[in-house]
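Here's the structure we're looking at; comments come further down.
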Amino acid sequence: MADDTEFLDEEFARMEQYCKEKFVKTTEIANREENKPHNRYRDIVPYDDNLVRLTSDHFSPPETNFVNASKISFTSHPQTFLAVQAPKPSSIIHFWHMVLQERVSVIVMITRLKEGTRRKADQYWPDGSSPVLALGAGSSVEHLSTSYTGSYYTRVFQLWLAGGGTRQVTQIQTENWPDLGAPEAPRLLVDLLHKTSDL
């Protein structure tokens, strides 16, 4: 069946048409003029009914409460996941605001910063050359460590919260996931799932 690409293309087209007819979702908030600069891609935006709205619990009120992120829940799983575009330079503070607000402990990144000459993401984390990223209102992100296993980087950050608290966040980044595609073998995905689960 995997070799019958014509059948698979037709099946995908039927599924796509079914979804367009049965699941009507709006993206009005993401497409507001004040929010458009925070979307890396115009055609990949969160739906109105599951986007993350920023509050001002950790920072002074932002110019917008929008971040390009969607909440994803499964009835059989107690955790909520966030699908997030890599933030643009103007959205890095919003990204970390979301990490604090939603109590994120693990970030899985499946893109390079650049692929060929095309920028795919901006570095939103501090590193050894600039170990602290100030977030405002007494909050900051500090780079603690980076290690590489051969298929992904593991970075550990300390979040310094306004009022004196701290939290740790771990980022796993693979550069082996091709743009507009998927890894040829499932090993990378399996490794990422196991590592994320361990964390």
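Per residue of the chain, what 222 nm ellipticity follows from adding -39500 (n - 2.57) for every DSSP H run with n ≥ 4, rounded to the nearest 500? Calculated at 222 nm, the ellipticity per residue is -6500 deg cm²/dmol.
Using the Kirkwood radius over C-alpha pairs as Rh, can you work out the diffusion coefficient of the range 105-199 via Stokes-Einstein at 25 °C, viscosity 0.890 mPa s, in µm² per second?
Numbers: Rh = 14.6 Å.
In µm²/s, the coefficient rounds to 168.
Let me spell out the model: positive unit charges on the Cβ of Lys and Arg, negative unit charges on the Cβ of Asp and Glu, origin at the Cα centre of the range 105-199. What dipole size does that give, in debye rounded to 20?
Details: 9 positive and 9 negative charges, 23 e Å.
Dipole size: approximately 120 debye.
Along each principal axis, taking the top coordinate minus the bottom one, the Cα set of the range 1-104 gives 54, 34, 25 Å in descending order.
Relative contact order for the chain: what is it in percent, counting Cα pairs under 8 Å that are at least 6 residues apart?
Details: 294 pairs, mean separation 27.5, N = 199.
So the answer I get is 14 percent.
For the range 85-149, the fraction of alpha-carbon pairs lying more than 19 Å apart is 37 percent, rounded to a whole number. In terms of packing, defined here as the mean over residues of other Cβ atoms within 10 angstrom, the peptides 131-139, 90-98 line up highest first as 90-98, 131-139.
The lysines whose alpha-carbon is closer than 25 Å to the alpha-carbon of LYS36, local same-chain residues fewer than 8 away aside, are LYS20, LYS25, LYS71, LYS88, LYS114, LYS120. Listing LEU54, LEU113 from fewest to most neighbouring C-beta atoms within 10 Å gives LEU113, LEU54. Seen from a random direction on average, the alpha-carbon convex hull of the range 130-185 projects onto 5.3 square nanometres.
Once you keep just the Cα pairs under 8 angstrom separated by 6 or more residues, what percentage relative contact order results for the range 1-104? Mind dumping the intermediate values first?
On the way: 114 pairs, mean separation 23.4, N = 104.
23 percent.
Computed from point charges on the beta carbon alone (+1 for Lys and Arg, -1 for Asp and Glu), the dipole magnitude for the chain about its Cα centre is near 720 Debye.
Expressed as a fraction of 2.2 N^0.38 Å, the rule-of-thumb size for a compact globular protein of N residues, what is the C-alpha radius of gyration of the chain? Intermediate results must be reported in sequence, preceding the final value.
Numbers: Rg = 18.5 Å, N = 199, 2.2 N^0.38 = 16.4 Å.
So the chain has a normalised radius of gyration of 1.13.
Bear in mind that the values in this text are calculations on the coordinates, not laboratory data. Here the structure is a predicted model, which is why all the values come from computation and not from measurement. For neighbour counting, all protein chains shown are included, and Cβ atoms are generated from backbone atoms with ideal geometry for every residue, glycine included.
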